[in-house]
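Notes follow once the structure below has been shown.
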Amino acid sequence: MAAPDRPLVHVLSPRTWGEFGNYLAATRFSRALRSVLDAEVTLLEAEPILPWIGEAGAEIRTISLESPDADVRNQRYMALMDRLQARFPEGFEADPTPAQRADLEPLTRHLGEAAPDVVVGTKGFVARLCVAAVRLAGTSTRVVSHVTNPGLLQLPLHRSRYPDLTLVGFPRAKEHLVETAGADPDRVRVVGPLVAQHDLRDFMTGDSAGADSGPWGDDEGPDRPRVIIFSNRGGETYPELVRRLADRHPDIDLVFVGYGDPELARRTAALGRPHWRFHSVLSQREYFDYIRRASRSRYGLLVSKAGPNTTLEAAYFGIPVLMLESGLPMERWVPGLIDEEGLGRACATPGELFATADDWLSRPAVIEGHKKAALAFADSVLDQDAVTERIGAAVRPLLDAR
């Protein structure tokens with residue numbers, strides 16, 4: 001008798017919501033599933049199936065790039081979320097209207113034709129859409145919501161009690177979902193946070209700008225501060241920081257990444273020191289060299305906006321963070337995590353960021369203290385083998401019951 005086909009798992013993720021962070025998390029999650037499940041796991045972008053998801057993603061990008069400050073950015077982002085919530089209000093999954101059925105028709109058709117045993121939405125909103133589409137398609141597909149950022153649960157758009165299983169990284173996320181959405185506690189599992197780790201190699205390829213490609217820093221020399229500045233839609237704050245550091249701390253090692261913005265990288269390079277490095281994209285070798293050298297230094301430091309993926313990535317490698325609050329509502333919880341765990345500091349204004357960077361680099365022992373806290377947090381919370389096993393243990397029963 002022939003063996004049954006392997007079960008099918010589709011992971012559906014929007015690439016345009018949150019720059020590369022969300023899709024990067026979906027990539028990591030898909031690889032985790034492949035390592036612990038005897039199943040065919042396929043990662044799919046949401047936008048080719050539902051183009052209006054991409055239209056919303058383009059609006060998010062415009063909001064991030066063109067808002068003059070954090071307050072305006074927050075107002076514009078919340079207005080978009082409110083419009084989508086009005087279009088797909090709480091409970092729509094149970095009985096979609098004709099207009100909602102029309103919006104979902106391509107997804108309904110995809111799930112009806114592919115008939116995966118499990119479909120995973122890596123945004124709560126995408127999981128909600130999948131719940132409705134599965135019902136309309138009349139398949140037995142089970143729906144999993146993978147909460148990559150617990151801050152999104154503050155938005156009604158991303159909360160639902162309907163998925164067969166919701167995976168969250170932290171206990172407080174489960175508590176919030178149960179309290180606000182009426183989710184069944186038995187269908188919400190705390191598995192711990194996944195960290196993208198080496199999956200960043202799939203998103204950063206290319207050449208450097210404003211520097212040659214030799215090694216960064218000297219592992220055999222004095223242990224001086226090694227600073228990575230990651231500017232993802234960062235505006236003029238980070239070039240100004242580079243200018244100030246060049247004036248006050250010229251002997252540190254520094255690498256600047258103006259993600260996807262060659263002109264920003266070139267312009268910022270003119271403000272720095274000759275031995276500093278400036279990129280708009282990174283090759284795999286360059287990225288790992290920078291991370292390795294920053295993590296080996298007692299005074300390694302990452303400067304960026306206070307995003308959850310960036311913060312956890314740095315903590316995983318034992319690199320303290322100096323962050324600038326983004327103003328986006330789904331990232332408001334990150335400064336609290338940074339403060340509670342001693343991972344570094346999240347600053348409310350550019351002025352606070354500049355002053356803190358100057359203070360820490362004048363007293364690098366402060367950075368060393370945060371490094372010890374980051375390593376302790378990584379040991380206790382970010383054990384990726386344990387997280388992966390918990391994910392497998394949560395999803396496997398859905399496949400066994402098919």
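The values are calculated or read from the model by the stated rules, or taken from the named source; none is laboratory data. Just so it is clear, the structure is predicted and the values come from calculations on it, not from any experiment. For neighbour counting, all protein chains shown are included, and Cβ atoms are generated from backbone atoms with ideal geometry for every residue, glycine included. We work out accessible area using only protein heavy atoms, side chains counted, and drop any ligands, DNA or RNA first. Shrake-Rupley method; radii C 1.70, N 1.55, O 1.52, S 1.80 Å.
Filter region 53-101 for residues that are over 21 Å from Val131 (Cβ atoms) and polar (S, T, N, Q); which is modelled with the highest pLDDT?
So, considering only residues that are over 21 Å from Val131 (Cβ atoms) and polar (S, T, N, Q), the one modelled with the highest pLDDT is Gln75.
Taking the criterion of being at pLDDT below 95, among the β-branched types (Val, Ile, Thr) and crowded, with 23+ Cβ neighbours inside 10 Å, would at least one residue in region 304-318 satisfy it?
Looking through region 304-318, at least one residue is at pLDDT below 95, among the β-branched types (Val, Ile, Thr) and crowded, with 23+ Cβ neighbours inside 10 Å.
List the pairs whose first member sits in region 63-87 and is touching a residue at least 60 places away in the same chain (Cβ under 8 Å), whose second member is hydroxyl-bearing (Ser, Thr, Tyr) and assigned to a loop (DSSP other than H, G, I, E, B), and whose Cβ atoms are under 7 Å apart, counting only residues at least 6 apart or on separate chains?
As it stands, the answer is Ala70/Ser326; Arg73/Ser67, since those pairs meet every condition given.
Test Leu324 against the criterion of being under 30 Å from Arg31 (Cα atoms) and either β-branched (Val, Ile, Thr) or out of contact with any Asp or Glu (no Cβ under 8 Å at 6 or more places or on another chain) (or both), and give yes or no. Outline the logic, then answer.
Numbers: under 30 Å from Arg31 (Cα atoms): no; either β-branched (Val, Ile, Thr) or out of contact with any Asp or Glu (no Cβ under 8 Å at 6 or more places or on another chain) (or both): yes.
It is false that Leu324 is under 30 Å from Arg31 (Cα atoms) and either β-branched (Val, Ile, Thr) or out of contact with any Asp or Glu (no Cβ under 8 Å at 6 or more places or on another chain) (or both).
Does Ala394 meet the test of being within 30 Å of Ser140 (Cα to Cα), of a type outside the set (Ser, Thr, Tyr) and touching a residue at least 60 places away in the same chain (Cβ under 8 Å)? Let's see the steps before the verdict.
Details: within 30 Å of Ser140 (Cα to Cα): yes; of a type outside the set (Ser, Thr, Tyr): yes; touching a residue at least 60 places away in the same chain (Cβ under 8 Å): yes.
Spelling it out, Ala394 is indeed within 30 Å of Ser140 (Cα to Cα), of a type outside the set (Ser, Thr, Tyr) and touching a residue at least 60 places away in the same chain (Cβ under 8 Å).
Please find, among Leu104, Leu43, Leu50, the residue that is at pLDDT 95 or above and touching a strand residue (DSSP E or B) at 6+ places or on another chain (Cβ under 7 Å). Spell out the reasoning first.
Working: Leu104 fails: touching a strand residue (DSSP E or B) at 6+ places or on another chain (Cβ under 7 Å); Leu50 fails: touching a strand residue (DSSP E or B) at 6+ places or on another chain (Cβ under 7 Å).
Within the list Leu104, Leu43, Leu50, the selection yields Leu43.
One residue is enough: does region 130-152 have a residue meeting the conditions open to solvent by 30 Å² or more (accessible area, probe 1.4 Å), within 22 Å of Tyr23 (Cα to Cα), more than 26 Å from the chain's Cα centre (by Cα) and not hydroxyl-bearing (Ser, Thr, Tyr)? Reasoning before the result, please.
Step one: list which residues in region 130-152 are open to solvent by 30 Å² or more (accessible area, probe 1.4 Å), which gives 135-140, 142, 148.
Pick out the ones that are also within 22 Å of Tyr23 (Cα to Cα) and you get 142, 148.
With the extra rule that they be more than 26 Å from the chain's Cα centre (by Cα), the set shrinks to none.
So far as region 130-152 goes, no, none of its residues is open to solvent by 30 Å² or more (accessible area, probe 1.4 Å), within 22 Å of Tyr23 (Cα to Cα), more than 26 Å from the chain's Cα centre (by Cα) and not hydroxyl-bearing (Ser, Thr, Tyr).
Pull up region 227-269, narrow it to residues that are in contact (Cβ under 8 Å) with a residue 60 or more places away in the chain and among the aliphatic types (A, V, I, L, M), then point me to the one that is nearest to Phe354 (Cα to Cα).
The extreme case among them is Leu241.
Among what's in region 361-372 and is surrounded by fewer than 19 Cβ atoms within 10 Å (Cβ to Cβ) and of a type in the set (A, V, I, L, M, F, W, C), pick the residue that is farthest from the chain's Cα centre (by Cα).
So, considering only residues that are surrounded by fewer than 19 Cβ atoms within 10 Å (Cβ to Cβ) and of a type in the set (A, V, I, L, M, F, W, C), the one farthest from the chain's Cα centre (by Cα) is Ala365.
Identify the residue in region 34-59 that is in a helix (DSSP H, G or I) and acidic (Asp, Glu) and, among all such residues, is least open to solvent (accessible area, probe 1.4 Å).
If we filter region 34-59 for residues that are in a helix (DSSP H, G or I), which is where we start, we get 34-36, 51-59.
Those left that are additionally acidic (Asp, Glu): 55, 59.
Working: Glu55: 125, Glu59: 66 Å².
Restricting to residues being in a helix (DSSP H, G or I) and acidic (Asp, Glu), the top hit is Glu59.
Determine whether Ala355 is open to solvent by 50 Å² or more (accessible area, probe 1.4 Å) and of a type in the set (A, V, I, L, M). Steps first, please.
Numbers: open to solvent by 50 Å² or more (accessible area, probe 1.4 Å): yes; of a type in the set (A, V, I, L, M): yes.
Yes, satisfied.
Residue pairs, Cβ under 6 Å, 6 or more apart or interchain, first in region 305-329 and more than 15 Å from Gly351 (Cα to Cα), second open to solvent by 10 Å² or more (accessible area, probe 1.4 Å) and basic (Lys, Arg). List them.
Pairs found: Gly318/Lys371; Pro320/Lys371; Gly327/Arg73.
Would you say Ala196 is crowded, with 17+ Cβ neighbours inside 10 Å, hydrophobic (A, V, I, L, M, F, W, C), at pLDDT 90 or above and under 18 Å from Ala25 (Cα atoms)? Break it down stepwise before answering.
Numbers: crowded, with 17+ Cβ neighbours inside 10 Å: yes; hydrophobic (A, V, I, L, M, F, W, C): yes; at pLDDT 90 or above: no; under 18 Å from Ala25 (Cα atoms): yes.
So Ala196 fails the test.
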